[in-house]
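Novice: My questions will all concern the structure given below.
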Amino acid sequence: MAAENHPSPTYFILLLITITRLISTVGKTSQWKTMLPPELVSAEDNNNNNNNVFQKLRDDPEALERVSRDYGNLVHDVPVAVLQPATGQDIARLIKASYNSSVPFRIAARGQGHSTRGQAMVRDGVVVDMAAFRERGNGVGIKVSVDPLVGDYYADVGGEQLWFDVLHSTLLHGLAPRSWTDYLYLTVGGTLSNAGISGQTFRYGPQITSVREMDVITGKGEFVTCSSQTNSELFHAVLGGLGQFGIITRARIALAPAPKRVKWVRLLYNDFSAFTKDQEQLISISGRKQNIALDYLEGLLLMHQGPINNWRSSFFPLADHARIISLVTKHSVLYCLEVAKYYDAQNENNVDKDLQVLLQGLSYIPGFYYEKDVSYVEFLNRVRSGELKLQSQGLWDVPHPWLNLFIPKSQIMDFDSAIFKNIILKRNITTGPVLVYPMNRNKWDNRMSASIPDEEIFYTVGFLHSSGFDDWKAYDAQNKEILQFCNDAGIKVKQYLPHYRTQEDWTNHFGPKWRTFVERKHQFDPRMILSPGQRIFNN
């Protein structure tokens with residue numbers, strides 16, 4: 001892994017020599033100009049021309065260092081420069097300059113840098129800093145509108161915008177998107193390039209299925225407006241496309257009336273079969289018009305290695321910690337079912353009754369039922385307080401050797417016995433959250449690039465590790481052991497937020513979609529410019 005992802009000592013020496021020869025003030029040094037194709041700094045542009053993308057590139061060590069790391073903190077790839085665009089046209093000009101060059105340079109769009117394996121990085125290329133675009137640019141912003149033909153509400157949102165800001169802007173109109181990620185401080189373009197999943201996915205689908213229209217800058221530097229009816233090939237390619245086909249500058253997101261409050265419940269199980277049976281029963285009541293259905297369902301593991309309450313949320317009352325820990329000690333692993341039902345003034349009188357009907361007959365451990373009543377915003381933003389606490393302790397910007405998997409329902413029991421109750425317990429190092437919850441395949445759109453298991457119900461399992469800088473390789477070794485077991489046992493897992501080493505692995509990941517994926521790449525990014533950090537076409 002080190003040989004693949006980390007620059008060699010010689011590279012660092014050469015890079016240091018290059019950087020020290022550059023003048024910090026961008027645009028005033030001939031050495032800098034030689035590092036990019038002449039199209040980017042052509043003679044027809046001058047230093048006072050706002051259209052000169054060259055003037056918006058930074059090469060100072062601070063700018064380069066900031067985009068050379070991500071949330072994973074495992075990969076360190078240094079670009080040649082960072083583009084801090086003021087408009088979408090700046091991004092288009094950068095891509096077009098590369099596309100028209102005799103030797104194209106690679107370009108990676110970076111939102112919040114929340115990837116874990118360098119997916120938003122580019123060595124010896126240019127990083128487009130979408131955070132700077134949000135803070136300084138003239139993008140789409142967040143605009144709420146109504147379709148006059150059908151009366152549906154939607155928000156036109158810049159790809160650089162944070163979901164947290166989308167939430168607050170839409171709530172001003174009493175509206176909100178239906179589908180969310182667990183963590184809201186991610187960019188719209190970033191989650192739509194993957195899928196955008198959470199506990200709402202079983203009912204409302206991943207975030208990519210709530211998109212009605214997009215503006216995309218392709219790998220040719222072309223601005224294209226696309227939807228399922230217009231330029232549909234690009235539309236479906238980009239959604240879940242890992243940034244391979246274009247950079248999202250605007251997404252039109254469907255909205256619905258926003259609830260005010262949330263009934264938030266956790267139940268404990270010591271039997272995995274009962275746990276999954278109850279989960280699957282609950283997600284079968286998933287129609288958008290079924291008012292009694294849950295709005296959110298996830299599950300997580302409680303193990304002796306980790307705290308009862310973790311950074312994702314503080315839920316269990318302190319008075320009950322001792323008896324929960326005693327139960328964990330007895331069974332080694334407990335399974336926690338987490339569900340939520342949204343409500344407002346109109347259905348406030350019925351929410352408790354509906355929840356009682358939904359949870360009646362479940363096989364959780366008697367006496368281990370926990371409930372909270374919180375605001376809608378507090379529920380959706382539940383991870384934030386944990387993040388701020390870790391930041392204050394210096395424990396947020398540490399290595400995160402995460403592993404996120406999709407697993408067919410038919411093989412989830414094998415996964416439990418071999419992974420949760422064997423590999424995980426034997427290694428005894430897992431301290432971060434371990435998520436496990438099911439989704440309905442019929443809530444996904446198979447025309448989109450995102451790849452999921454074939455079965456009608458499949459599970460997401462997330463090992464959300466945090467480690468020290470000196471021990472992350474132990475977690476990485478555990479991840480590799482898990483993947484190797486799945487391969488040897490024929491468990492047909494697919495990675496979410498995927499990280500593969502070979503094109504054979506990518507071919508297997510996309511399965512029947514691989515041929516279409518490659519054809520779309522040649523159509524929309526034929527010179528293989530975009531998102532090299534995914535290592536799909538440039539291993």
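The values are calculated or read from the model by the stated rules, or taken from the named source; none is laboratory data. Computed from a predicted model, the values in this text were never measured in an experiment. Neighbour counts run over all protein chains shown; Cβ positions are idealised from the backbone, glycine included. Side chains are part of the model used for accessible areas, which takes the heavy atoms of the whole protein and leaves out ligands, DNA and RNA. Shrake-Rupley method; radii C 1.70, N 1.55, O 1.52, S 1.80 Å.
Novice: For the range 498-512, indicate whether the set of residues that are of a type in the set (Gly, Ala, Ser) and within 17 Å of Ile197 (Cβ to Cβ) is non-empty. Can you show your working first?
Specialist: So the first thing to find is which residues in the range 498-512 are of a type in the set (Gly, Ala, Ser), and the list is 511.
Still in the list and also within 17 Å of Ile197 (Cβ to Cβ): none.
No, because not a single residue in the range 498-512 is of a type in the set (Gly, Ala, Ser) and within 17 Å of Ile197 (Cβ to Cβ).
Novice: Here is a follow-up. Any chance you could count how many residues in the range 57-89 are hydroxyl-bearing (Ser, Thr, Tyr) and either out of contact with any Ser or Thr (no Cβ under 8 Å at 6 or more places or on another chain) or assigned to a helix (DSSP H, G or I) (or both)?
Specialist: Restricting attention to the range 57-89, the residues satisfying the condition of being hydroxyl-bearing (Ser, Thr, Tyr) are 68, 71, 87.
Okay, now just the ones that are also either out of contact with any Ser or Thr (no Cβ under 8 Å at 6 or more places or on another chain) or assigned to a helix (DSSP H, G or I) (or both), so 68, 87.
Qualifying residue count, the range 57-89: 2.
Novice: If you don't mind, there's one more thing I want to ask. Report whether or not Asn194 is under 30 Å from Val126 (Cβ atoms), buried (at least 21 other Cβ atoms within 10 Å of the Cβ), at pLDDT 95 or above and polar (S, T, N, Q). Show your work before the answer.
Specialist: Values: under 30 Å from Val126 (Cβ atoms): yes; buried (at least 21 other Cβ atoms within 10 Å of the Cβ): yes; at pLDDT 95 or above: yes; polar (S, T, N, Q): yes.
Yes.
Novice: Condition (residue is farther than 19 Å from Glu338 by Cα, among the aliphatic types (A, V, I, L, M) and at pLDDT 95 or above) applied to the range 266-274: is it met by at least one residue? Before you say what the answer is, go through the steps one by one.
Specialist: Within the range 266-274, the first condition is being farther than 19 Å from Glu338 by Cα, and the residues that meet it are none.
Within the range 266-274 (the criterion being farther than 19 Å from Glu338 by Cα, among the aliphatic types (A, V, I, L, M) and at pLDDT 95 or above), the answer is no, since none of the residues qualifies.
Novice: Within the range 141-153, identify whether any single residue is touching a residue at least 60 places away in the same chain (Cβ under 8 Å), within 22 Å of Ala109 (Cβ to Cβ) and touching a helix residue (DSSP H, G or I) at 6+ places or on another chain (Cβ under 8 Å), and answer yes or no.
Specialist: As a first pass, look at the range 141-153 and keep what is touching a residue at least 60 places away in the same chain (Cβ under 8 Å): 144, 152-153.
Filter again for within 22 Å of Ala109 (Cβ to Cβ), leaving none.
Looking for residues that are touching a residue at least 60 places away in the same chain (Cβ under 8 Å), within 22 Å of Ala109 (Cβ to Cβ) and touching a helix residue (DSSP H, G or I) at 6+ places or on another chain (Cβ under 8 Å), one finds none in the range 141-153, hence no.
Novice: Does Gly125 count as more than 28 Å from Leu403 (Cα to Cα) and crowded, with 18+ Cβ neighbours inside 10 Å? Break it down stepwise before answering.
Specialist: Numbers: more than 28 Å from Leu403 (Cα to Cα): no; crowded, with 18+ Cβ neighbours inside 10 Å: yes.
The answer is no for Gly125.
Novice: While we're looking at this one, here's another question. Here are Thr430, Thr460: which of them is within 28 Å of Lys277 (Cα to Cα) and assigned to a strand (DSSP E or B)? Quick ask: steps written out before the conclusion?
Specialist: Numbers: Thr430 fails: assigned to a strand (DSSP E or B).
Unique residue meeting the criteria: Thr460.
Novice: Separate question: Check whether at least one residue in the range 415-427 is under 17 Å from Ala489 (Cα atoms), outside any loop (DSSP other than H, G, I, E, B), of a type in the set (S, T, N, Q) and at pLDDT 95 or above, and report yes or no.
Specialist: There is at least one residue in the range 415-427 that is under 17 Å from Ala489 (Cα atoms), outside any loop (DSSP other than H, G, I, E, B), of a type in the set (S, T, N, Q) and at pLDDT 95 or above.
Novice: Can you name every one of the helices (runs of 4 or more DSSP H) wholly within the range 345-408 that holds 3 or more residues which are of a type outside the set (Ser, Thr, Tyr), open to solvent by 70 Å² or more (accessible area, probe 1.4 Å) and under 30 Å from Leu74 (Cβ atoms)? First the steps, then the outcome.
Specialist: Working: elements: 351-359, 376-380, 384-392.
Qualifying helices (runs of 4 or more DSSP H): 384-392.
Novice: Another question, if that's okay. Run Phe420 past the list (1) buried (at least 16 other Cβ atoms within 10 Å of the Cβ); (2) under 28 Å from Ala293 (Cα atoms) and report the number of the one that doesn't hold.
Specialist: Evaluating Phe420 over (1) buried (at least 16 other Cβ atoms within 10 Å of the Cβ); (2) under 28 Å from Ala293 (Cα atoms) leaves (2) as the failure.
Novice: Also, I was wondering about something else. Touching an Asp or Glu at 6+ places or on another chain (Cβ under 8 Å), surrounded by 23 or more Cβ atoms within 10 Å (Cβ to Cβ) and not in a loop (DSSP other than H, G, I, E, B): which single residue out of Ala92, Ala97 fits that description? Please lay out each step first, then the result.
Specialist: Values: Ala92 fails: surrounded by 23 or more Cβ atoms within 10 Å (Cβ to Cβ).
Selected residue: Ala97, the only one of Ala92, Ala97 that is touching an Asp or Glu at 6+ places or on another chain (Cβ under 8 Å), surrounded by 23 or more Cβ atoms within 10 Å (Cβ to Cβ) and not in a loop (DSSP other than H, G, I, E, B).
Novice: Of the residues Asp505, Asp476, Asp525, Asp488, which is among the charged types (D, E, K, R), within 20 Å of the chain's Cα centre (by Cα) and either at pLDDT 95 or above or under 26 Å from Ala108 (Cα atoms) (or both)? Let's see the steps before the verdict.
Specialist: Working: Asp505 fails: within 20 Å of the chain's Cα centre (by Cα); Asp525 fails: within 20 Å of the chain's Cα centre (by Cα); Asp488 fails: within 20 Å of the chain's Cα centre (by Cα).
Going through Asp505, Asp476, Asp525, Asp488 in turn, the sole match is Asp476.
Novice: Among (1) of a type in the set (A, V, I, L, M, F, W, C); (2) over 26 Å from Tyr459 (Cβ atoms); (3) at pLDDT below 95, where does Val377 come up short?
Specialist: Here Val377 clears every test but (3).
Novice: Sticking with this one: State which residue is farthest from the chain's Cα centre (by Cα) when the search covers only the range 52-67 and only residues that are of a type in the set (A, V, I, L, M, F, W, C) and within 18 Å of Gln89 (Cβ to Cβ). Can you show your working first?
Specialist: From the range 52-67, those of a type in the set (A, V, I, L, M, F, W, C) are 53-54, 57, 63-64, 67; that's our starting set.
If we keep only those that are within 18 Å of Gln89 (Cβ to Cβ) as well, we get 53-54, 57.
Numbers: Val53: 29, Phe54: 31, Leu57: 27 Å.
For the range 52-67, the residue satisfying everything is Phe54.
Novice: Another question about this same structure. In the set Gly159, Gly219, Gly174, which member is at positive phi and touching a residue at least 12 places away in the same chain (Cβ under 8 Å)?
Specialist: Numbers: Gly159 fails: at positive phi; Gly219 fails: at positive phi.
Of Gly159, Gly219, Gly174, the one residue that is at positive phi and touching a residue at least 12 places away in the same chain (Cβ under 8 Å) is Gly174.
Novice: While we're here: Of the numbered conditions (1) of a type in the set (Val, Ile, Thr); (2) under 26 Å from Ile248 (Cα atoms); (3) open to solvent by less than 40 Å² (accessible area, probe 1.4 Å), Thr516 satisfies every one except a single condition; which is it?
Specialist: Among (1) of a type in the set (Val, Ile, Thr); (2) under 26 Å from Ile248 (Cα atoms); (3) open to solvent by less than 40 Å² (accessible area, probe 1.4 Å), the lone unmet condition for Thr516 is (3).
Novice: Let me ask you something else. Taking the range 135-182 as the region of interest, how many residues are at pLDDT 95 or above and not in a loop (DSSP other than H, G, I, E, B)?
Specialist: Of the residues in the range 135-182, 22 are at pLDDT 95 or above and not in a loop (DSSP other than H, G, I, E, B).
Novice: State the number of residues belonging to the range 447-477 that are farther than 22 Å from Gly394 by Cβ and either touching a Gly at 6+ places or on another chain (Cβ under 6 Å) or free of Cβ contacts under 8 Å to residues at least 24 places away in the same chain (or both).
Specialist: 4
Novice: Could I ask something else about it? In the range 243-258, which residue that is surrounded by fewer than 21 Cβ atoms within 10 Å (Cβ to Cβ) and in contact with a helix residue (DSSP H, G or I) (Cβ under 7 Å, 6 or more places away or on another chain) is nearest to Glu348 (Cα to Cα)?
Specialist: Ala258
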